[in-house]
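Q: Pasting in a structure now, in structure tokens, and then I'll have a few things to ask.
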Amino acid sequence: DEDEDEFEEEEELEVESGTEAAKVKVKIKVKRVDNRFVFMTREVEAETDFPLSVNPQTNELVVTTPAGEKVVTVLPDQAVANMLANNIFDRQQNVNIVFENGSVIYRISGDKDEKLFGIFKLVVPTTAVVSANTGQLVTQEQTFLFRFLDLLSI
């Protein structure tokens, strides 16, 4: 059956996230879809091409990258919440975990509602690049046209 090849069993794991001073235990669901790993924390689903595991001694989520194992300190739901709280976007679309420049980052695509000249409703697509270690915005990506329109909007 084609569905059996596409989906493997979903596994529920408990991980710790956050800094040493403020660690919290969170349940995540992990599954494999095609050749990608998908995991969910609270209502946010993130995808990656890299294998995921939980360190049994520390209960930390680990991503196995070409440069070795990297601990994910900030889970995707926390990264998305940070971007929503900082008005980077109004709605989150997709979350991908990638490895760039020696770091594990989230590429979070979303939409921001703007008013062009204070009159016309405009939906500006944006991608937030967020550190998986700190949860902070590394950079925000928009096409030139939308950056220009964003300057004209309120």
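The values are calculated or read from the model by the stated rules, or taken from the named source; none is laboratory data. On a predicted model such as this, the values are computed, not experimentally measured, just so you know. A quick note on method: Cβ atoms are made from the backbone with ideal geometry, for glycine too, and the neighbour counts reach across all protein chains shown. What goes into the accessible areas is simple: the full protein's heavy atoms, side chains included, and nothing from ligands, DNA or RNA. Shrake-Rupley method; radii C 1.70, N 1.55, O 1.52, S 1.80 Å.
Q: Could you give the length gained on full extension between Glu47 and Glu100, defined as 0.36 nm per residue of separation minus the Cα-Cα distance, in nm?
A: Working: separation 53, 0.36 × 53 = 19.08 nm, distance 1.53 nm.
My answer for the length gained is 17.6 nm.
Q: Just the accessible area for Val80, please: 1.4 Å probe, Å², rounded to the nearest 10?
A: For Val80, the solvent-accessible surface is approximately 10 Å².
Q: Which distance in nm do the two modelled labels at Val71 and Phe144 give, with both placed 7 Å along the Cα-to-Cβ direction?
A: The two pseudo-label positions are separated by 4.3 nm.
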